[in-house]
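Asker: Could you have a look at this structure, given as structure tokens, before my questions?
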Ligand SMILES: Cc1cc2nc3c(=O)[nH]c(=O)nc-3n(C[C@H](O)[C@H](O)[C@H](O)COP(=O)(O)O)c2cc1C
């Protein structure tokens, strides 16, 4: 797929066919993505690819934790508050997405079902967890991991695959590490659901908007 076309075609896929992605294809995707840039070429990333029974167990436990109301304990904390501008965009996202799924923001039961689906990686057959060393105290590492994560999402398109970058999958990292046998020296930054999109699902018809260029760019000296 041509580069600009791929960047515009990539979107979060929130529902998958059960067909697993082969180990060979995932290896090819990561093999390309590892060419992403990183500060001083530190490459502060490592990948744990989940599938089969391991992923099923992870999905079960994440759902149980969520249902039990367990306090999330991510390795990298999420902002407890956001600037109003960003909050507005977040609210706009769910206000557009939920009606497409057949419910409103106020429908707690349906929202809970949706969160459970999120904890199941939207039924993706595979998940790539991106990790960094626990003793890395470098916020640039997160920036670098953003670059490699986007690259994975783009390369996946070349294989007819969809992805959803998911913070939800790293909300309870201790149980994920335990089930997947990931050493405690690795901090989980983000999860990427990956699989063949189920295009019949309403969630996958959704296209999130973007701010117009003139709101984002200030031209200085030109
Ligand atoms: C760091 C990060 C965390 C995200 N976490 C989630 C998540 O937990 N659940 C989810 O449904 N989408 C998640 N997303 C996807 C975003 O909601 C999505 O990228 C955004 O709405 C733009 O839509 P698009 O990916 O379809 O272009 C995440 C994206 C990023 C970059």
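Asker: Of the residues 155, 175, 217, 189, which is more than 14 Å from the ligand (Cβ to nearest atom) and within 22 Å of residue 63 (Cα to Cα)?
Answerer: 175
Asker: Residues that are more than 14 Å from the ligand (Cβ to nearest atom), assigned to a helix (DSSP H, G or I) and free of Cβ contacts under 8 Å to residues at least 12 places away in the same chain: does region 118-137 have at least one?
Answerer: Among the residues of region 118-137, not one is more than 14 Å from the ligand (Cβ to nearest atom), assigned to a helix (DSSP H, G or I) and free of Cβ contacts under 8 Å to residues at least 12 places away in the same chain, which makes the answer no.
Asker: Which residue out of 29, 25 is within 17 Å of the chain's Cα centre (by Cα), more than 21 Å from residue 187 (Cα to Cα) and either in a helix (DSSP H, G or I) or at pLDDT below 95 (or both)?
Answerer: 29
Asker: Right, something else. Mind checking which residues of region 51-91 are in a loop (DSSP other than H, G, I, E, B) and touching a strand residue (DSSP E or B) at 6+ places or on another chain (Cβ under 7 Å)? I'd like the intermediate steps shown before the answer.
Answerer: Looking only at region 51-91, we keep the residues that are in a loop (DSSP other than H, G, I, E, B), and these are 51, 68-83.
Of everything in region 51-91, those that are in a loop (DSSP other than H, G, I, E, B) and touching a strand residue (DSSP E or B) at 6+ places or on another chain (Cβ under 7 Å) turn out to be 51, 75, 76.
Asker: Continuing with the same structure: Could you list, ordered by first residue, the pairs with Cβ atoms under 9 Å in which the first is in region 1-27 and without any contact (Cβ under 8 Å) to a residue 60 or more places away in the chain and the second is surrounded by fewer than 16 Cβ atoms within 10 Å (Cβ to Cβ), at least 6 apart or interchain?
Answerer: Partner pairs satisfying both residue conditions: none exist.
Asker: Out of (1) assigned to a helix (DSSP H, G or I); (2) away from the ligand (no atom under 16 Å from the Cβ); (3) surrounded by 10 or more Cβ atoms within 10 Å (Cβ to Cβ), what's the single condition that is false for residue 48?
Answerer: Residue 48 satisfies every listed condition except (1).
Asker: Assess whether residue 180 counts as being away from the ligand (no atom under 12 Å from the Cβ), within 19 Å of residue 50 (Cα to Cα), surrounded by 13 or more Cβ atoms within 10 Å (Cβ to Cβ) and modelled with pLDDT of 95 or more. Please lay out each step first, then the result.
Answerer: Numbers: away from the ligand (no atom under 12 Å from the Cβ): yes; within 19 Å of residue 50 (Cα to Cα): yes; surrounded by 13 or more Cβ atoms within 10 Å (Cβ to Cβ): yes; modelled with pLDDT of 95 or more: yes.
The answer is yes for residue 180.
Asker: Is it fair to say residue 165 is more than 13 Å from the ligand (Cβ to nearest atom) and either closer than 21 Å to residue 207 by Cβ or at pLDDT 95 or above (or both)?
Answerer: Considered against the rule, which asks whether it is more than 13 Å from the ligand (Cβ to nearest atom) and either closer than 21 Å to residue 207 by Cβ or at pLDDT 95 or above (or both), residue 165 comes out as no.
The values are calculated or read from the model by the stated rules, or taken from the named source; none is laboratory data. The structure displayed is predicted, hence computed values, not measured ones. Backbone-built Cβ (ideal geometry, glycine too); neighbour counts: all protein chains shown.
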